[in-house]
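*Asks:* Below you will find the structure I want to go over with you.
Where a number appears in this text, it was derived from the coordinates with a stated rule and is not lab data. This structure is a prediction, so every number in the text was calculated from the model and none was measured. Positions of Cβ are generated from backbone atoms using ideal geometry, with glycine treated the same way; all protein chains shown enter the neighbour counts.
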Amino acid sequence: MLKGFASWLRAAGYDTSTCDSGLSDRELLQLAIKEQRLLLTRDKKLLEFRHAAGTVIYLQCNLLSDCVDALSTQIGLDWLYKPFSRCMLCNTELIPAAECLYERIPANSRKHVTNVLYCPCCDKLYWQGSHVHRMTGTLTEWAHRRKKDTAV
Ligand SMILES: [Zn+2]
């Protein structure tokens, strides 16, 4: 479930790494500290490590919306930080695509697109399609939900 959540953090523009390798809890925490990351986990045991404070964020939630609220509340996460500025596949920061790459975009979409971005790592193009519009709507809703809650 946190993997899906990680995609949303990436969509919001946060430098987000997921861990698939068989690192021990201690190694995972050390890596997070070294890379100056927050470690989001559903494993409460990680809180018990000596250097966990300030790095480990324990998410006690089963629903995506609860995780969204938890991060908004606990660390004041801005869901509209830098939307769609990172590659959804590899987390690399996107750069403006060279004009010569535009011909890869399907012809029926090409005439409507502006601001095409490129991942130099995956060789993948990103442009504002309906998928991005839908996701932007969700991120905006999450950002405003937080403002509404904190204003009370
Ligand atoms: Zn990429």
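*Asks:* Considering only residues that are without any contact (Cβ under 8 Å) to a residue 60 or more places away in the chain and at positive phi, look in the stretch 8-57 and name the one that is farthest from the chain's Cα centre (by Cα).
*Replies:* If we take residues in the stretch 8-57 being without any contact (Cβ under 8 Å) to a residue 60 or more places away in the chain and at positive phi, then GLY54 is farthest from the chain's Cα centre (by Cα).
*Asks:* Could you list, in sequence order, the residues of the stretch 38-55 that are surrounded by 19 or more Cβ atoms within 10 Å (Cβ to Cβ) and not hydrophobic (A, V, I, L, M, F, W, C)?
*Replies:* THR41
*Asks:* Name the residues in the stretch 68-88 that are closer than 13 Å to ALA12 by Cβ and either within 16 Å of the ligand (Cβ to nearest atom) or part of a helix (DSSP H, G or I) (or both), would you?
*Replies:* VAL68, LEU71, SER72, ILE75, LYS82, PHE84, SER85, ARG86, MET88, listed by residue number.
*Asks:* Let me ask another. Scan the stretch 104-123 for residues that are loosely packed, with under 10 Cβ neighbours inside 10 Å and either within 11 Å of the ligand (Cβ to nearest atom) or part of a helix (DSSP H, G or I) (or both) and jot them down.
*Replies:* Residues satisfying the conditions are ALA107, ASN108, ASP123.
*Asks:* Select from the stretch 8-37 the residues that are surrounded by 17 or more Cβ atoms within 10 Å (Cβ to Cβ) and either assigned to a loop (DSSP other than H, G, I, E, B) or β-branched (Val, Ile, Thr) (or both) and list them in ascending order.
*Replies:* Across the stretch 8-37, the qualifying residues are ALA12, GLY13, TYR14, THR16.
*Asks:* What are the pairs with Cβ atoms under 7 angstrom where one residue, in the stretch 111-129, is over 18 Å from LYS82 (Cβ atoms) and the other, located anywhere, is of a type in the set (Lys, Arg) and near the ligand (Cβ under 9 Å from one of its atoms)? Sequence gap at least six, or different chains.
*Replies:* Pairs found: none.
*Asks:* Could we say that LEU63 is surrounded by 14 or more Cβ atoms within 10 Å (Cβ to Cβ), under 17 Å from the mean Cα position of the chain (by Cα), away from the ligand (no atom under 16 Å from the Cβ) and not hydroxyl-bearing (Ser, Thr, Tyr) here?
*Replies:* The answer is no for LEU63.
*Asks:* Pick from the stretch 89-103 the residues that are outside any loop (DSSP other than H, G, I, E, B) and of a type in the set (A, V, I, L, M): which of them is farthest from the ligand (Cβ to nearest atom)?
*Replies:* My answer is LEU101.
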